[in-house]
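Below is one structure, written out as structure tokens; the observations come after it.
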Amino acid sequence: YWGGRVGGWTTRLPDGSTVGMSRGFHAFFRQYYNLRALLARAEVGLMPLHDYPLLDEHGHTDTFRGIPRTPPWNALGFALRSPTFTLSGLRKVDLRAALSLVDVSVPESYERLDAESAADFLARVRFPEAARHLAFDVFSRSFFASPHRLSAAELVVMFHLYFLGSAEGLLFDVPREPFHTLWDPVVARLHRLGVSTHLSTPVTAIEPGFTIHSGQGLFPVDAVVLAVEPPALPSLTAALGPADWREQIAAQQAAPPFLVRRLWLDRPVRADRPAFLATGGMPPLDNVSVLDRYDTDAAAWARRTGGSVVELHAYAATDRETTARELLARLHTVYPETVRAQVIGEREEWRADCPLLAPGTYFQRPAIATPVPGLVLAGDGIRVDLPVALMERAATTGWLAANHLLSGWHTAGHPITTVPNRGRLAFFRLLGKWFQERSA
């Protein structure tokens, strides 16, 4: 299927329905300029979700609806309205350490913070405990790792991307179409441009000089873009490049497993439930999606049956069976109306193929350009010195990989857009620089 980790396929339920399935919910934030530029070329439609609530185990709820969009008022408005950012708690914040959140640049922020974990950084800043779990832990776990295994620099760059470096806010869009049809317009555009595509064709090896070994035979090509999961890279590059580069590739780690559990229920959830809910302090549950609120495929099934389609995510999971059981128990706690619901069908995705962006790894990640002329890398685990993350990092490295190859053929590349690669607030940048010089 097309789309990689943002792709989908169809499956048949016990009631005879053919429905869409995927690797889970994806938020298309409005700061994902390069990903959205790709979708716009094929006129792929997105629709807004009007709220993005966060819920913790104590019942505290944060929301991004209605807060100002302009930095720094967006972050300030969120903190003042949040029940977890109390005045007494904010007085304890180490302002000197917190300046790292407003004085962001890449790669300089990684030089300062990559050796530290996100958990240690948040402890050093002394954010209120409830706010730390509800706001920052939720975001850090979107990298498929616990805060203890995530680079502090990744968290800081993400805060810059979503808050202080942009005015788009934390609300986001989702595709109108299910993921198993989302990429059809993009593929159709490629076919109109003369591209040949080969689905369900495993690539087993790449020879020097670029002969591709696949399930459909041998393909000699002029250049190769490898946009694959970390576990697949070492085998595909085994015959390419110098030994030290191959060792660098082999050293890349995958994040801990995650579980997506999608349930087709015989009754609807309450009408006031949001399409997407992020949770903090409720392990193993990280978020709940009600797909029939936005996905046309799920909505059609819900209309036909009177039921609902609910999806549960658990990141950095350990045991599949235990996690699946505990996810359902958490759903019953968060949405009690589901306790009496019958499960008409369910599907699970248990994967461990996302990059681990651990402390101290940024400068060991492979770059887009490689020692092999004509071979480039792309993906969210590939190093790029720009303030991007997750799907947007994957899309941005893809565009830059294409540009690198195009420049070798003396052809113009594609424009790249990001949030500013430095903090927007000059006073805080100067204050941060002053503190750094005093510490030197």
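The values are calculated or read from the model by the stated rules, or taken from the named source; none is laboratory data. What you see is a predicted model; the values in this text were computed from it and never measured. Positions of Cβ are backbone-derived with ideal geometry, glycine not excepted, and every protein chain shown enters the neighbour counts.
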Would you call A317 touching a residue at least 24 places away in the same chain (Cβ under 8 Å) and over 23 Å from T84 (Cα atoms)?
yes
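Conditions (1) among the aromatic types (F, W, Y); (2) in contact with a helix residue (DSSP H, G or I) (Cβ under 6 Å, 6 or more places away or on another chain); (3) surrounded by 17 or more Cβ atoms within 10 Å (Cβ to Cβ); (4) under 19 Å from D286 (Cβ atoms), marked per residue:
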{"residue": "N34", "(1), (2), (3), (4)": "no, yes, yes, no"}
{"residue": "L39", "(1), (2), (3), (4)": "no, no, yes, no"}
{"residue": "D51", "(1), (2), (3), (4)": "no, no, no, yes"}
{"residue": "T63", "(1), (2), (3), (4)": "no, no, yes, yes"}
{"residue": "I67", "(1), (2), (3), (4)": "no, yes, yes, no"}
{"residue": "P71", "(1), (2), (3), (4)": "no, yes, yes, no"}
Any chance you could count how many residues in the range 29-44 are in contact (Cβ under 8 Å) with a residue 12 or more places away in the chain and out of contact with any Pro (no Cβ under 7 Å at 6 or more places or on another chain)?
11
Among the residues of the range 405-440, the number that are crowded, with 18+ Cβ neighbours inside 10 Å, at pLDDT 95 or above and either in a helix (DSSP H, G or I) or of a type in the set (D, E) (or both) is 1
When you look at F144, is it at positive phi and aromatic (F, W, Y), yes or no?
yes
Could you grab the pairs with beta carbons closer than 9 Å, sequence gap of 6+ or different chains, first residue in the range 358-382 and without any contact (Cβ under 8 Å) to a residue 40 or more places away in the chain, second one of a type in the set (S, T, Y)?
I368/T397; D380/T397; I382/T397
For a quick check of your reading of the model, give me the residue pairs whose first member lies in the range 104-129 and is under 16 Å from R149 (Cα atoms), whose second is aromatic (F, W, Y), with beta-carbon atoms closer than 6 Å and at least 6 apart or on different chains.
Y110/Y362; D114/Y362; L122/F136
Determine whether the range 58-65 contains at least one residue that is of a type in the set (S, T, N, Q), part of a loop (DSSP other than H, G, I, E, B) and over 19 Å from the mean Cα position of the chain (by Cα).
yes
Checking G7, G16 in turn, the sole residue that is without any contact (Cβ under 8 Å) to a residue 12 or more places away in the chain, small (G, A, S) and more than 18 Å from F172 (Cβ to Cβ) turns out to be G16
Give the range 116-166 a look and list any residue that's in a loop (DSSP other than H, G, I, E, B) and either under 19 Å from L285 (Cβ atoms) or out of contact with any Leu (no Cβ under 9 Å at 6 or more places or on another chain) (or both), or say none.
E116, R126, S142, F143, F144, A145, S146, L150, G165, S166
